[in-house]
């Protein structure tokens, strides 16, 4: 069920989260979602994607969606062109990276470290490793421990746990401990992402606004997780997926169906394309 929104202002760009939004739970881009992106472009509306994934973990979407806009990986930690050439990147401060790693391991979370071109893990049999490799279409590099040299190149550190209450508590603790030194937000119910303070989806809106010369208020955003709320606040109309939590839905100007019920395609038609036609 889609709830009504306020009257939309001009929309020049749609910025979409990937997992849980553009893709189904099984990481499938449906024909309807692809057609919705095609319809946006036919209406003169640009389309861009952002995700906690590394850029090459979104490469499989570039051709099907005929992407021409910058792609924001690692929640804005790295911006790349559609040919994956780097536009800009933000690495974590070494002290913040070491503090994050210690906090995760001390609280019993597994930890992954991403650099601009590597995914580093300690245990290949840990929860979600196999699933993540299938999702992003490349394998992690197994290391005995994370070195200072690796942490100095970290673009994102992920805390992994299936204990959702523990992860939520760690999110609050990380935000308090790191302050302005880094951004800490859940990108999935089992992933807590720590990135550079400028690497968050709110800054993705601001950066795309500058790169594409589009006013932020003309950027529609759509997502499902707490880290998407930051882009909701920076853009114009914001759309929460039906599979989002009540907390996320409450901070969006519209709510669509779930990612298992063509929520993305339905949102584009009702809140974006219909607004253009009105």
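State whether one or more residues within the stretch 171-184 are in contact with a strand residue (DSSP E or B) (Cβ under 8 Å, 6 or more places away or on another chain), buried (at least 19 other Cβ atoms within 10 Å of the Cβ) and closer than 17 Å to residue 263 by Cβ.
Checked the stretch 171-184: no residue is in contact with a strand residue (DSSP E or B) (Cβ under 8 Å, 6 or more places away or on another chain), buried (at least 19 other Cβ atoms within 10 Å of the Cβ) and closer than 17 Å to residue 263 by Cβ.
Which count do you get for residues in the stretch 90-129 that are in a strand (DSSP E or B), out of contact with any helix residue (DSSP H, G or I) (no Cβ under 7 Å at 6 or more places or on another chain) and either without any contact (Cβ under 8 Å) to a residue 60 or more places away in the chain or not assigned by TED's automatic domain parsing to the domain that holds residue 174 (or both)?
Number of matching residues: 2.
Which fully enclosed helices (runs of 4 or more DSSP H) of the stretch 137-255 have 2 or more residues being at pLDDT 95 or above and more than 26 Å from residue 23 (Cβ to Cβ)?
The helices (runs of 4 or more DSSP H) meeting that bar are 148-151, 164-178.
Take the residues of the stretch 228-246 that are out of contact with any helix residue (DSSP H, G or I) (no Cβ under 7 Å at 6 or more places or on another chain) and surrounded by fewer than 24 Cβ atoms within 10 Å (Cβ to Cβ): which is farthest from residue 183 (Cα to Cα)?
Going through the stretch 228-246, the residues out of contact with any helix residue (DSSP H, G or I) (no Cβ under 7 Å at 6 or more places or on another chain) turn out to be 232, 244-246.
If we keep only those that are surrounded by fewer than 24 Cβ atoms within 10 Å (Cβ to Cβ) as well, we get 232, 245-246.
Numbers: 232: 16, 245: 20, 246: 22 Å.
The qualifying residue farthest from residue 183 (Cα to Cα) is 246.
Within the stretch 56-77, track down each residue that is buried (at least 24 other Cβ atoms within 10 Å of the Cβ) and part of a helix (DSSP H, G or I).
Answer for the stretch 56-77, where residues must be buried (at least 24 other Cβ atoms within 10 Å of the Cβ) and part of a helix (DSSP H, G or I): 74, 75, 76.
Can you report the number of residues in the stretch 112-134 which are in contact with a strand residue (DSSP E or B) (Cβ under 6 Å, 6 or more places away or on another chain) and over 25 Å from residue 62 (Cα atoms)?
Summing the residues that are in contact with a strand residue (DSSP E or B) (Cβ under 6 Å, 6 or more places away or on another chain) and over 25 Å from residue 62 (Cα atoms) in the stretch 112-134 gives 4.
Within the stretch 34-51, can one find any residue that is assigned to a loop (DSSP other than H, G, I, E, B), at pLDDT below 95 and surrounded by fewer than 16 Cβ atoms within 10 Å (Cβ to Cβ)?
no
Condition first: out of contact with any strand residue (DSSP E or B) (no Cβ under 8 Å at 6 or more places or on another chain) and in contact (Cβ under 8 Å) with a residue 12 or more places away in the chain. Now tell me which residues in the stretch 203-228 satisfy that.
Correct list: 203, 206, 215, 216, 217.
The values are calculated or read from the model by the stated rules, or taken from the named source; none is laboratory data. Because the structure is a prediction, the values reported are computed rather than measured. FYI the Cβ positions are ideal-geometry reconstructions off the backbone, even for glycines, and counts take in every protein chain you see.
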